[in-house]
Amino acid sequence: MENKFISYRLQGDILRALFVFHPYAPTGKQYFNCFGERDEFQMMINIMSLVAKGLVSRRAVIV
């Protein structure tokens, strides 16, 4: 079930957003400005996929 929520395009967008804000994690408002139209569950699945791949540190994303 999780696979249908995986979006490599969205993952690329997430990585670009994190790169822009590096070395700090984006605030909730910044996340909303970038990804407000996205489903929260889909965002979580894709972020956790990036963490599992070792591309993003858990500390890079504030929950």
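Which one of MET43, ASN3, PRO26 has its Cα pushed farthest toward the positive end of the charge dipole of the chain, where Lys and Arg give +1 and Asp and Glu give -1 at the Cβ?
PRO26
Mind listing the phi-derived Karplus ³J(HN,Hα) values for segment 33-49, rounded to whole Hz, using 6.51, -1.76 and 1.60 with θ = phi - 60°, and x for any glycine or proline?
Couplings: 5, 7, 10, x, 7, 7, 5, 4, 5, 5, 4, 4, 4, 6, 5, 5, 5 Hz.
If r is the Cβ-Cβ distance from TYR8 to ARG59 and R0 is 22 Å, what FRET efficiency results, to the nearest 0.05?
In this case the efficiency is close to 0.40.
Could you work out the helix-only [θ] at 222 nm for the chain, with each DSSP H run of four or more residues adding -39,500 (n - 2.57) and the total divided by the number of residues, to the nearest 500 deg cm²/dmol?
Result for the chain: -17000 deg cm²/dmol, rounded to the nearest 500.
Size of the dipole of the chain about the Cα centre, Lys and Arg at +1 and Asp and Glu at -1 on the beta carbon, nothing else charged, in debye to 20?
Dipole size: approximately 200 debye.
Accessible area per residue for segment 8-53 in Å², computed with a 1.4 Å probe and the full protein assembly in place, what is it?
70
At 0.36 nm per residue, minus the direct Cα-Cα distance, what do GLU37 and PHE21 gain on full extension? Give it in nm, one decimal, please.
3.8 nm
The values are calculated or read from the model by the stated rules, or taken from the named source; none is laboratory data. Treat the numbers as computed from the prediction; the structure is a model and nothing was measured. We place every Cβ from the backbone using ideal geometry, glycine too, and count neighbours over all the protein chains shown. Surface accessibility is based on the protein's heavy atoms, side chains included, excluding ligands, DNA and RNA. Shrake-Rupley method; radii C 1.70, N 1.55, O 1.52, S 1.80 Å.
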